[in-house]
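Down below is the structure, laid out as structure tokens.
The values are calculated or read from the model by the stated rules, or taken from the named source; none is laboratory data. Predicted model only: the values in this text are computed from it and were never measured. Quick reminder, even Gly has a Cβ in these numbers, built from the backbone with ideal geometry, and neighbours come from all protein chains shown. Accessible surface areas use protein heavy atoms only, side chains included; no ligands, DNA or RNA. Shrake-Rupley method; radii C 1.70, N 1.55, O 1.52, S 1.80 Å.
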Amino acid sequence: MYIGSIAAKDSVIKGVYRYRKRGVDIPAPPDLYPDIATENIDLLSGNLFKGEKTGWRWTNLLDVGVDIVIDLDRSCFVDRIILRQETGSGIGSVEVLASSNGNELSYAGRADAATGQALEQSLITVIVGTTLDKLVIRLNSYFKNIVITSLDVIAAVFDTPVIYPIPRIMEIKSGTAITTTQLDKILLPKNALEDTLFAAEHLKEKLLESIGKKIAIEFYEQNSSFENALIVGLSEEWEALNILSEKPKKEGFVLIGKKGTVYLIGADRNGLLYGSEKLLSLLENGQVPLCKIDDYPRMQFRGIHTGLPPREEIPFFKRFIRNVLVPMGYNTVFLEFAGGMRFDRRPEITRAWIEGNKKAAEGKWPPFPHGSMNAGGSVLEKSEVADLVAYARLYGLDVIPEVQSLSHVQYITAAYPEIAEITEEQSKRDKYDLNKEDIPPSEFYAHSYCASNEKSYEIIYDIIDEIVETVKPKEYVHMGHDEVYQIGICPVCKSLDPADLLAKHINRMHDYLAKKNLKMMIWGDMLHDVTRYKTPSAIDKIPKDIVLLDFIWYFHLDKDIEDRLLGRGFKVIMGNMYSSHYPRYESRIVKEGMIGAQVSSWCRFDEYTLGMMGKIFDFLYSANMMWNDTYTEKARRIYTKIIMDKMPKIRSQIHGEPMPSTAKTKKSVPLRLPDSQFTTDIPEELLKSVNISRVQILNDVAFDLSKPQFVLSPASAQKVLPAAVNISVDQKFDSIVFLHTAGINVRIPSFKPLFKIGSYTVHYEDGTKETIPIEYGGNILVWSKRFAEPMDYPYYRHEGYKATYPAYPYIQSKTPSGKDVTCYGYEWINPHKDKTIRSITLSAEGDFDSSVILLAITGIVM
């Protein structure tokens, strides 16, 4: 596998390029700044890819232009074209055409200027996102010289097993080390340590799940055979036996595939677990090639931030640890508590938490802050929390509890209103009557407690004690301290410096933890001087060993705001590092003092919510940023393709029930949709791009695309169009895949439920039915938006991806003009597999003008 520039010295892609008049096979060599040759110029030799000027006089181009034709020696997935032009150069527009395997050229991407103008910017990027072996970069001219100062093509070749996160060093040779058929044992050192024993059991279980074969675990003896074996263990164990001398780095591993034997040597438990997952990726192809992988993570802290899961979601939380966090190389869970665990020393907190969330659910009170994301608004027992923490640690994850203190403490002030940091006027107000007024949460629930009230410290110390006794942190406790909007406003504090109050509270928390031999982390926003907060000078009044999680970068996208924190000597973790929005990542992560990153959920921890908010995709994408030191934003569509290809398996692993479409023995049964007189209402570009035909095999599932359907809500102004269509079935299925897309975009609100634009109603033979919602941004999206393209407007910073988990992009294509086309397959698992389905009704719903375009329905039988 190769990811990078096609003209890099280490590129496996070879090729030549030439210059042609636009659209015809007639040479058009640059006459203003000539290249080294005119025909079949090697990628590594010519001026174009070496950053030397190449240019044409405008008098020879006028308003027509020139084609740069590139022939590659192999098929590759091209992410983008990056072109730089000299100031004053006059490119009117850039069009990219592509072909593969001798097929005709078709448009794959474009960059256009405003009408009647030229592209004046020096840097021009054209997103391509397609597989090709021939590329034409068409430079349309605009009565000016065209001068190119550099050209690059970012591409990937998937000629070896695809492993993700991308390994640091991976050497694959031709030939096979071992096949799944040959594999017959996992061989461990005779006196294997606990880390090795656990990793071996994990590997054994996952081998059974992935290849259906139970592999025996054996222990090394003097006469043990290595033939057809996986040799697994810590480097120190095998070195002591004079077997191997590999020295993987911390949390790293070395995986070696030799003829008949595979060696997996880890530096520690994490290294063995990460190496096991990489080995499993290799075995997905039925074999381990002759290879050597030397891999270890880039960052010290690679974390997710989330709240305690609801009781009913604990099994899902554990599946997520085992099947997402471990394979993706995460090593930290920042676990927020709020009132989600029962506090025995402060039962008033538990009572207030339960009451507040109950009344919020009933609509009597505003939503309890952080209520749904912590135990779903309920309360976990300490034994349940301890069990969850123990499970995470088995898999090499450090659990750092977040104890919200000073701010975001509504879970405390609801129980102890006497310590609330509120103005004197607020404290004199009567209780709110919600029958007469609508009180915003910031007033109804006190956001902060008083930093001068000794009772505040008595309470928070008790909370710390109970959480620390339950979690038993190894090194750090996260003490919150973010968004302290209310500070220095109560009668006691109003004459005091807010920065002094903040520093006082931070220092007391720091000293209290130090007595327990624990270190402290906090959010870093209150220490910045780029906010409306009143406390930036506190940065010089607190200990430098506090680790700061820097998250308000998304309010200042033009600044590297971490420099203020790093410059004062603090260690910094990228807080809320959403891969959809974080700018200049490559240059910022290498700064001295940057020690990690974490991605936050800020939602209820369950499969539906995480999927609908785009969090699962974000966790997967961010994992590679944290792990691999060669990550580049220029290869975003390449990484997205890798994740997309792995998503069906991941969904099966964490869903709790395998998705029938991923079964090797499945049978897919395309349903025949009824005739429709409204096909002409489907966008013509979509129909041309989808290749409407009788049956197509897409990602190993058969679909009949010959009779697409179109429904539109009755609320639309176009009353003549159908609002529903009925499809006959009369069969039993384990699941159904609905291949659909939306005709136009629909508003997506942030942190609110997605809008329902339609539904499928499944009618059974016994008269019962099941309704499947079609939710825009969840299991459907507009056809003209590329899969997993970030919603990069700042409004969507917390949920920058939509329709990336519940639905799979079975169709990704291009329109004749080079624009993206995506059609989504949503697999619904039938809860009544023993019942015959009589029919399915597709209905458009809601106050929207977007149609639901149903391309096909396929039933799956396992």
Of the numbered conditions (1) under 20 Å from I467 (Cβ atoms); (2) touching a Pro at 6+ places or on another chain (Cβ under 8 Å), N374 satisfies every one except a single condition; which is it? (2)
One residue is enough: does region 650-660 have a residue meeting the conditions over 30 Å from I697 (Cα atoms) and of a type in the set (S, T, N, Q)? no
Look at K667 and say whether it is surrounded by fewer than 20 Cβ atoms within 10 Å (Cβ to Cβ) and within 30 Å of P327 (Cβ to Cβ). yes
Being open to solvent by 60 Å² or more (accessible area, probe 1.4 Å) and assigned to a strand (DSSP E or B) is the filter here; which residues of region 139-175 pass it? I169, E171, K173, S174
Would you confirm whether or not region 733-750 contains a residue that is hydroxyl-bearing (S, T, Y), touching a Pro at 6+ places or on another chain (Cβ under 8 Å), modelled with pLDDT of 95 or more and in a strand (DSSP E or B)? yes
Just need a number here: residues in region 105-114 that are open to solvent by 20 Å² or more (accessible area, probe 1.4 Å) and without any contact (Cβ under 8 Å) to a residue 40 or more places away in the chain. 4
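Test I654 against the criterion of being in a strand (DSSP E or B) and not small (G, A, S), and give yes or no.
On the way: in a strand (DSSP E or B): no; not small (G, A, S): yes.
Against the criterion (in a strand (DSSP E or B) and not small (G, A, S)), I654 does not qualify.
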Okay, strands (runs of 3 or more DSSP E) sitting entirely in region 251-337 with 3 or more residues that are in contact with a Gly (Cβ under 7 Å, 6 or more places away or on another chain) and under 24 Å from K646 (Cα atoms), I get 287-295
Matching residues, region 778-802, being within 14 Å of the chain's Cα centre (by Cα), among the hydrophobic types (A, V, I, L, M, F, W, C) and within 22 Å of T131 (Cβ to Cβ): F787, A788
Please determine, by comparing only the residues of region 650-664 that are out of contact with any helix residue (DSSP H, G or I) (no Cβ under 6 Å at 6 or more places or on another chain) and at pLDDT 95 or above, which one is surrounded by the fewest Cβ atoms within 10 Å (Cβ to Cβ). H655
Residues satisfying the stated conditions in region 14-56, i.e. open to solvent by less than 50 Å² (accessible area, probe 1.4 Å), touching a Phe, Trp or Tyr at 6+ places or on another chain (Cβ under 7 Å) and in contact (Cβ under 8 Å) with a residue 40 or more places away in the chain: L32, L48, T54, G55
Taking region 549-598 as the search range and keeping residues that are small (G, A, S) and open to solvent by less than 30 Å² (accessible area, probe 1.4 Å), which one is nearest to W523 (Cα to Cα)? G575
Within region 243-258, of all residues that are at pLDDT below 95 and within 23 Å of G329 (Cα to Cα), the one surrounded by the fewest Cβ atoms within 10 Å (Cβ to Cβ) is K247
List the pairs whose first member sits in region 515-542 and is within 22 Å of F334 (Cα to Cα) and without any contact (Cβ under 8 Å) to a residue 60 or more places away in the chain, whose second member is among the hydrophobic types (A, V, I, L, M, F, W, C) and part of a loop (DSSP other than H, G, I, E, B), and whose Cβ atoms are under 7 Å apart, counting only residues at least 6 apart or on separate chains? M520/I546; I522/I546; W523/F551; D525/F551; M526/V484
Filtering region 604-643 down to residues that are in contact with a Ser or Thr (Cβ under 8 Å, 6 or more places away or on another chain) and either open to solvent by 10 Å² or more (accessible area, probe 1.4 Å) or polar (S, T, N, Q) (or both), which residue is nearest to M577 (Cα to Cα)? S622
Does K646 fit the bill of being surrounded by fewer than 19 Cβ atoms within 10 Å (Cβ to Cβ), more than 13 Å from the chain's Cα centre (by Cα) and assigned to a helix (DSSP H, G or I)? no
Odd one out for T531 among (1) open to solvent by less than 10 Å² (accessible area, probe 1.4 Å); (2) farther than 26 Å from V468 by Cβ: (1)
Considering region 213-242 alone, what residues qualify as being open to solvent by 50 Å² or more (accessible area, probe 1.4 Å) and hydrophobic (A, V, I, L, M, F, W, C)? F219, A240, L241
At least 3 residues that are within 28 Å of R637 (Cα to Cα) in each: list the strands (runs of 3 or more DSSP E) lying fully within region 1-70 that qualify. 2-5, 15-21
When you check K769 against the structure, is it of a type outside the set (S, T, N, Q), in contact with a His (Cβ under 6 Å, 6 or more places away or on another chain) and more than 14 Å from L855 (Cβ to Cβ), yes or no? yes
If we keep only residues of region 71-104 that are assigned to a loop (DSSP other than H, G, I, E, B) and among the small types (G, A, S), then the residue surrounded by the fewest Cβ atoms within 10 Å (Cβ to Cβ) is G102
Taking the criterion of being open to solvent by less than 10 Å² (accessible area, probe 1.4 Å), more than 27 Å from K802 (Cβ to Cβ), of a type outside the set (G, A, S) and within 32 Å of the chain's Cα centre (by Cα), would at least one residue in region 729-741 satisfy it? yes
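Before we move on, is P809 open to solvent by less than 10 Å² (accessible area, probe 1.4 Å), of a type outside the set (A, V, I, L, M, F, W, C) and under 26 Å from T679 (Cα atoms)?
For P809, the condition - open to solvent by less than 10 Å² (accessible area, probe 1.4 Å), of a type outside the set (A, V, I, L, M, F, W, C) and under 26 Å from T679 (Cα atoms) - is met.
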Would it be correct to say that Y391 is under 32 Å from the mean Cα position of the chain (by Cα) and either open to solvent by less than 50 Å² (accessible area, probe 1.4 Å) or more than 30 Å from E475 (Cβ to Cβ) (or both)? yes
Which one is nearest to the chain's Cα centre (by Cα), of the residues in region 259-313 that are acidic (D, E) and open to solvent by 10 Å² or more (accessible area, probe 1.4 Å)? E277
Can you tell me which residue within region 115-124, out of those that are open to solvent by 20 Å² or more (accessible area, probe 1.4 Å) and more than 18 Å from L48 (Cβ to Cβ), is modelled with the highest pLDDT? Q121
Restricting to region 380-412, give me the number of residues that are closer than 20 Å to L272 by Cα, part of a helix (DSSP H, G or I) and in contact with an Asp or Glu (Cβ under 9 Å, 6 or more places away or on another chain). 1
Quick one: is I68 among the hydrophobic types (A, V, I, L, M, F, W, C) and either free of Cβ contacts under 8 Å to residues at least 12 places away in the same chain or surrounded by fewer than 19 Cβ atoms within 10 Å (Cβ to Cβ) (or both)? no
Cross-chain or 6+ apart pairs with Cβ under 6 Å, region 584-597 first and more than 12 Å from S622 (Cβ to Cβ), then assigned to a loop (DSSP other than H, G, I, E, B): R588/D560; G593/K571; I595/Q300; I595/K571
